[in-house]
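These notes concern the structure reproduced below.
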Protein chains: 2
Amino acid sequence: MSLHTATTSAPVNIACIKYWGKRDTKLILPTNSSLSVTLDQDHLRSTTTSRADPSFEKDRLWLNGIEEEIQAGGRMATCIAEMKRLRKELVEEVDASAPKISGYFVHIASHNNFPTAAGLASSASGFAALTASLAALYALPCPPTTLSLIARQGSGSACRSLMGGFVAWNAGTDASGLDSHAVQIAPESHWPDIHALICVVSDAKKGTSSTSGMQRTVETSPLLQHRIKHVVPQRMTDISAAILARDFDRFAEITMADSNQFHAVALDTSPPIFYMNDVSRAIVAVIEEYNRIALLPENGGKRKAAYTQHQEIINLIVHYFPQQDAFKDPFALFGTAGVGSGAVLAGFNVNVAKVAEVGAVKGLIHTRVGDGPRTLTEEESLLGTNGLPLKMAQK
Amino acid sequence: MSLHTATTSAPVNIACIKYWGKRDTKLILPTNSSLSVTLDQDHLRSTTTSRADPSFEKDRLWLNGIEEEIQAGGRMATCIAEMKRLRKELVEEVDASAPKISGYFVHIASHNNFPTAAGLASSASGFAALTASLAALYALPCPPTTLSLIARQGSGSACRSLMGGFVAWNAGTDASGLDSHAVQIAPESHWPDIHALICVVSDAKKGTSSTSGMQRTVETSPLLQHRIKHVVPQRMTDISAAILARDFDRFAEITMADSNQFHAVALDTSPPIFYMNDVSRAIVAVIEEYNRIALLPENGGKRKAAYTQHQEIINLIVHYFPQQDAFKDPFALFGTAGVGSGAVLAGFNVNVAKVAEVGAVKGLIHTRVGDGPRTLTEEESLLGTNGLPLKMAQK
């Protein structure tokens, strides 16, 4: 094995306050702050091995076993160059005994344990894993906040995947981008019982890419500026307080409102951007009805989805959106009998949605809040002794 | 026949700048001004006969032949009472020889020539026809603007159906509502070649009523206030100028942007309000793609839907949304061969939408800009000599 190799995994994150719009497209500086929950790497992760070796002839990258070109001046090249610079400035120029590996080319192999078809953005976990693996390779004495400045230039929301728990990305104001980084609001241990049920909605049509879509919104939506200036700052304050107070009712209220407002500004774009279809709208309708019942005084008067009552919600979703495959039950909530028949809560308006066809929601992933990037052992390396990717089917 | 009877018809209108939100729910005072195109009564209309007679024992109303209760304090009762008051104050107290009919009970029969299932709001044309027929019955010396103050209290957008052509509803600022009335921006003769193709989208789910939905938006949408204060005023100015200049490109641009923004603030409501489904989104996608091609310099660089090129657009819509019944061709655009095969424009991205199932768009109505309320002859009365509704199947 090479002396200079490191493997790390990094998590997916899901935004509660949405990032939508850049004020600098090269440095990836956002128009507003955002906040996310880091999801458990036991279920969803990107794993990356980085290696530096004098025998390598150029920087090379493999994603899920397929080599991708590293385009000069592109986001990947920027991240690699920045990490090499940090190695040189913070390690090699400080400690004369440190190996001069910043001048070596690197080989990088990355793998996502979730299918692209799941509809989860792999760029956030992918660029976080890349940054974390290079930081480990180069033994950088940098806290996650500093690394988040680099990951941000690969993919904006990647900066939030460098920390576990509840993570804010402060938009910052400086043109350099040096104040546009992630910060942990609370670790996963603060509120470990936050769960997420990801409903993978099937959509035959290719949506607008987020990179081009968000800039069209910046250019054409009259409502976006109001959101940026007047709505998001208050929501960032309010949801941070809700997280620190473990106030799920308020946390859920703000999260749902901000999801709706993100879709609203997408719709206020010219031409309009649609990221919801009849199935995702039906999911929203079912959860809103569930919370309408939960908010009745006799039921406690607080929103419950997706906090407590995991079984109840999974039953409900599986009832309205029948699954081809048996529900993967990572928390062993259901016995051998499996998911039930979707017993209906008292007062629940069953007509809020029609029972969908099998496949309308083509997958359900039950996960929870989790930790930041993990450094893995050599046994988990994605690169073989020859510096080329191993087969990764089992990773 | 009674001496005191009148029959009028009134048009449907379709908003280009949308009315969404009331600042006074009793007087129906809106949070923002709006603007609409009045559609041709040759195709879509409400017809109303009003009669006053000393033999009548109470105010009675029939809608499409079915008697409806006139609830005390309700919108219908308010409109009738206001019209009786105007008769008394402006006619009977001014001209001693005028018959004292304001004290008589009235019988009112109203009929829409379009099915409720068409999804067109019948309350606008209905309250406009009611107001116009009572104005004729009472021989009121009132211009349409004054009558619009009464119709507005029946259904907000009804005030815009009291005039033909292009009609603004000025929100006004006074608590009395006396400055919240319709005004004609331009008559239909100013720009008669504005056509509309109404696509009636099938939707199994009952939507949120506009009355409750718009107040939920007022109470919960952070974006609505920005729309009210900063977006709509400029758009009212801009679209009025576009109408006066017959600038279809600008007119279409503002109309489409405002439709999207209306749906955006509905989505920004908690719980969110969805008025679009996968079919209506596909219609938008097809028209946006059509206009993308139209906006190419080699094609003239201007939006065309739904102005010129009626045949091209109808072919396109019928291609993507196949119809059960043959297209009703009121302008005889197509010969005996009927609608063509949806010949595609050069460069049109055919994958912008999938060809829908028959019935996804369950009806197409081709119409154009039209005139304001019409006073009809006694032959068209909906009330028989006994003061009760005639059969109205053929009206």
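The values are calculated or read from the model by the stated rules, or taken from the named source; none is laboratory data. It should be emphasised that the depicted structure is a prediction, and the values quoted were computed from it without experimental measurement. Every residue, glycine as well, gets a Cβ built from its backbone with ideal geometry; the counts of neighbours run over all protein chains shown. Surface areas here come from the heavy atoms of the whole protein model, side chains and all, with no ligands, DNA or RNA. Shrake-Rupley method; radii C 1.70, N 1.55, O 1.52, S 1.80 Å.
Determine the shape class of the stretch B:118-235: with a ≥ b ≥ c the square roots of the Cα gyration tensor eigenvalues, call it rounded for a/c under 1.5, and otherwise prolate if a/b is greater than b/c, oblate otherwise. The shape class here is rounded. Once you sort the root eigenvalues of the Cα gyration tensor of the protein assembly as shown as a ≥ b ≥ c, which label holds: rounded (a/c under 1.5), prolate (a/b larger than b/c) or oblate (the other case)? Prolate.
For B:P330, the label point sits 7 Å beyond Cα toward Cβ; its separations from the matching points on the remaining copies run 5.8 nm, from shortest to longest. Dipole size of the stretch A:187-239 about its Cα centre, with +1 on Lys/Arg Cβ and -1 on Asp/Glu Cβ: approximately 360 debye, rounded to the nearest 20. How large is the accessible surface per residue of the stretch B:166-261, computed with a 1.4 Å probe and reported in Å² as a whole number? So the stretch B:166-261 comes to 43 Å² accessible per residue, rounded to a whole number. The accessible-area loss of the stretch A:239-280 on complex formation, taken against its chain alone with a 1.4 Å probe, reaches 50 Å² or more at A:N260, A:L267, A:F274, A:D278. Run the accessible area of the protein assembly as shown with a 1.4 Å probe and give the carbon-and-sulfur part as a rounded percent. Carbon-and-sulfur percentage of accessible area, whole number: 54. Using θ = phi - 60° in the Karplus curve 6.51 cos²θ - 1.76 cosθ + 1.60, the 3J(HN,Hα) couplings for the stretch B:49-57 round to 10, 10, 9, 10, 8, x, 7, 5, 9 Hz; x is entered for Gly and Pro.
The other copies place their B:G347 label points at 5.8 nm from this one, listed shortest first, where each point is 7 Å from Cα along Cα→Cβ. Below 23 Å, Cα to Cα, which lysines can B:K22 reach? Residues fewer than 8 away in the same chain don't count. Within the straight-line cut-off, B:K22 pairs with B:K206, B:K229. Neighbours of B:P192 by Cβ distance under 12 Å: Lys/Arg scored +1, Asp/Glu scored -1, total -2.
Taking a temperature of 37 °C and a viscosity of 0.692 mPa s, what whole-number D in µm²/s does Stokes-Einstein yield for the stretch B:174-263 with Rh from Kirkwood over alpha carbon pairs? Estimated via Stokes-Einstein, D reaches 204 µm²/s. Only Lys, Arg, Asp and Glu carry charge here, each on its Cβ (+1 for the first two, -1 for the last two); on that basis the stretch A:129-286 has a dipole of about 320 debye about its Cα centre. Listed by chain and number, the lysines whose alpha-carbon sits under 26 Å from that of A:K302, ignoring those within fewer than 8 places in the same chain, are A:K18, A:K354. Solvent-accessible surface of the stretch B:1-157, averaged per residue with a 1.4 angstrom probe and all protein chains in place: 38 square angstrom. Put simply, the amide H of A:F114, placed in the peptide plane, has neighbours under 5 Å in A:R45, leaving out anything fewer than 5 places away on its chain. Checking every one of the trypsin sites (Lys or Arg not before Pro) in the stretch A:69-148 against DSSP loop status and a limit of 14 other Cβ atoms within 10 Å picks out A:K100.
Each residue of the stretch B:267-272 is assigned a 3J(HN,Hα), and the resulting list reads 6, 7, 8, 10, x, x Hz, derived from the Karplus form 6.51 cos²θ - 1.76 cosθ + 1.60 (θ = phi - 60°), x at Gly and Pro.
Considering the options A:S157, A:T208, A:I185, tell which one lies farthest towards the positive end of the dipole of the stretch A:132-219, charges being +1 on Lys and Arg and -1 on Asp and Glu at the Cβ, about the Cα centre. Looking along the dipole axis, the top candidate is A:T208. Taking every alpha-carbon pair under 8 Å whose residues sit at least 6 apart, the stretch A:75-145 reaches a relative contact order of 44 percent. In this simple spin-label model, placing a label point 7 Å from the Cα along the Cα-to-Cβ direction at both B:E68 and A:A139 gives a separation of 8.2 nm.
Sorted from shortest to longest, the distances between the A:P99 label points of this copy and the other copies are 10.7 nm, with each point 7 Å from Cα along the line through the beta carbon.
DSSP bridge analysis restricted to chain B gives an antiparallel fraction near 90%, rounded to the nearest 5. Close amide-amide hydrogen proximity is noted between A:E68 and A:L61, A:W62, A:L63, each under 5 Å apart and 5 or more residues distant or on a separate chain (H modeled in the peptide plane; Pro and chain starts excluded). Relative to one another, the C-alpha centroids of the stretch A:175-238 and the stretch B:21-64 are positioned 45 Å apart. When only Cα pairs below 8 angstrom with a gap of at least 6 residues are kept, chain B shows a relative contact order of 24 percent. Here the Karplus curve 6.51 cos²θ - 1.76 cosθ + 1.60, taken at θ = phi - 60°, turns the phi angles of the stretch B:238-243 into couplings of 5, 6, 4, 5, 5, 5 Hz, with x standing for Gly and Pro.
Loop-resident GluC sites (Glu not before Pro) (DSSP state other than H, G, I, E or B) in the stretch A:1-72 with no more than 12 further Cβ atoms inside 10 Å of their Cβ: A:E57, A:E69.
Under 5 Å between amide hydrogens, built in the peptide plane, is the criterion, and for A:G363 it picks out A:V200 among residues at least 5 positions away or on other chains. Summed over qualifying helices (DSSP H, 4 residues or more, each -39500 (n - 2.57)) and divided by its residue number, chain A shows a 222 nm mean residue ellipticity of -9500 deg cm²/dmol.
Note on B:K84: lysines with a C-alpha under 23 Å away, same-chain residues under 8 apart excluded, are B:K26, B:K58, B:K100. Taken residue by residue and averaged, Cβ atoms of other chains lying within 10 Å of the Cβ of A:220-228 number 5. Multiplying each eigenvalue of the alpha-carbon gyration tensor of chain A by 5 and taking the square root yields semi-axes of 38, 24, 19 Å, largest first, rounded to whole angstroms. Rounded to the nearest 100, the interface formed by chains B and A buries 2500 square angstrom of accessible surface, both chains summed, with a 1.4 Å probe. Here, the stretch A:129-194 is characterised by an Rg to Rh ratio of 1.00, where Rg is the alpha-carbon radius of gyration and Rh the Kirkwood radius.
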